Amino acid sequence: MTVSSLSSVLPGVGAAARPERPSVTELRLSAFAGHRGAHFSFGPLTLLAGRSGSGKTTALRAYEALARLGAGARIDEAFPDAASCVPEWARPDAQRRRGFRIGCTADGPEGPVRLDVAVQAEPELRIVGERLTSGGLTLLQTALVDPSRPVVQAAWHTAGTSPVTRGPLPDDRLGTALLPLRVAGKTDGQRQVLAAAEQMVVALRSVYACDPRPGRMRAAVPLGSGRLLPGCDNLADVLSRTRTECGRRHALLVAALRDGCTGPVLDLLAEPLRDGAVRAVLDRGDGVRTPLGLLGDGELRYLALALVLFTGPGVLEVDPVGEVPAALQTLTVLADGFDRALDPRQGLELLRLAARMCDRGHIRLVGAVSDVSRAVGVAGVTVVDLNRERS
């Protein structure tokens, strides 16, 4: 991948309006699990709201799967339970094939770029169709021609002596993520394909799916990599690193905890134990320290999500695009149950914190909530009502 296509913005009308950092601005679930013809628009801070069974978790699962494909994962890694993604109403064809269709739009320096993917889940899992488009122009299109072979026939825009270039691509990986290895970039058309593919990949790869599990956060943990796992199980290990690496961010985290925890909070510490493990404790003052194991589920989830919002890819268990400067990437947090176990005060304070952090442009958040009422009056929040989408 090249960096130049992301760091340069074409001069002229509308150029200033193009965002410098690629990000996913729309998720499309044409036929995926319980969703049919669904389109979700995302802002810097988006809340998916709806009753139980409305498809909030399903939408986040689809987003995370696209992110994995964009990072180069195989289709079975992105969809480990692909059969559950097939809509109940989907009927098999004459060859007993069933599947699902998903897609997204990534906005950035190249303008809106659309990706649509058709996946066959039965009788075998494979990508059977893919289309990458920009400005109404099809830049990449793939199709399954011979079901007996593990490849799809691909055609990508060239705009040279030949309008398109054709060749096989594997049916177990996203073709868009493979284009930098197959396209030479010698013609304007090829460079356009590479720039659009790079924008989509950068937008998808920096995704951190997070759902803190208080039951596992209460235990002491051994010192490890210091990178926060998606379930935040190793919170104490991460705190032992972040407290010393960035005192300013740690001070902000402690200040946020005063709004989300019961009782006084002077500091948050990682306390080493005799067996080499470490546990997290709240310093209450006057020599009183409360192990995190004594906190409630809401306090622990609030703490973990606040830590995620204050940190970045270097601390979270994510793999951003190494070839692109960090200043041109945005971390997107997917938070299922963003308000789970939180009382109204905690939920409002966490949402306000998320709004402040997302407003800076370095982080985006898509969270699933059961109660969206506390978003009223908080600036910068995009609400997607899945009750309305499914009605």
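The values are calculated or read from the model by the stated rules, or taken from the named source; none is laboratory data. What you are looking at is a predicted structure, and each value in this text was computed from that prediction instead of being measured. Because the Cβ atoms are built from the backbone with ideal geometry, glycine has one as well, and the counts that use them run over all protein chains shown. Note: accessible area is taken over every heavy atom of the protein model, side chains too, but ligands, DNA and RNA are not part of it. Shrake-Rupley method; radii C 1.70, N 1.55, O 1.52, S 1.80 Å.
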Using θ = phi - 60° and the Karplus curve 6.51 cos²θ - 1.76 cosθ + 1.60, what whole-Hz ³J(HN,Hα) does each residue of the range 281-289 get, with Gly and Pro shown as x?
9, 9, 8, 8, x, 6, x, 8, 10
What nm value, rounded to one decimal, do you get for the distance between R18 and R216 when each label is placed 7 Å out toward the C-beta?
4.1
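Put E271, E124, E245 in order of accessible area, largest first, 1.4 Å probe: what do you get?
E245, E124, E271
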Length gained if R249 through H39 is fully extended, taking 0.36 nm per residue and subtracting the Cα-Cα distance, is 72.0 nm
Ranked highest first by average number of other Cβ atoms within 10 Å, how do 75-88, 226-239 line up?
226-239, 75-88
Probe radius 1.4 Å, ligands and nucleic acids ignored: give me the carbon and sulfur share of the accessible area of the chain as a rounded percent.
51
By the mean-Cβ-within-10 Å protection proxy, highest first, 355-361, 65-71, 210-216 rank as 65-71, 210-216, 355-361
Starting from the residue with the highest accessible area, list R166, R274, R114 in decreasing order, probe 1.4 Å.
R274, R166, R114
Using distinct alpha-carbon pairs, which all enter the 1/r mean, Kirkwood radius of the chain in Å:
22.3
Counting only residues 5 or more places away or on other chains, whose amide H sits under 5 Å from the amide H of G367 once H atoms are built in the peptide plane?
T46, L47, L48, A335
Just for the Cα atoms in the range 97-171, what are the lengths along the principal axes, largest first, rounded to whole Å?
39, 29, 15
What does the extension gain come out to for R51 and S373, with contour length at 0.36 nm per residue minus their alpha carbon separation?
114.6 nm
For the range 260-290 and the range 129-197, what is the centre-to-centre distance using only Cα atoms, to the nearest Å?
54
Highest GNM mean-square fluctuation, the chain, Cα pairs closer than 10 Å: which of A143, A184, A62?
A184
Can you tell me the dipole magnitude for the chain around its Cα centre, using point charges on the Cβ only (Lys, Arg +1; Asp, Glu -1), in Debye to the nearest 20?
300
For the range 24-33, what does the Karplus curve 6.51 cos²θ - 1.76 cosθ + 1.60, with θ = phi - 60°, yield as ³J(HN,Hα) per residue in whole Hz, taken in order and with x for Gly and Pro?
7, 10, 8, 10, 10, 10, 5, 7, 8, 6
Of P180, P92, P168, the most mobile residue in a GNM of the chain (C-alpha springs, cutoff 10 Å) is P92
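Could you tell me what percent of the DSSP beta bridges with both partners in the chain are antiparallel, to the nearest 5?
Bridges in the chain are about 75 percent antiparallel.
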Sticking with the crude label model, points 7 Å out along Cα→Cβ, report the distance from E124 to D275 in nm, one decimal please.
4.8
With a 1.4 Å probe and all protein chains left in place, how much accessible area per residue does the chain have, in Å²?
44
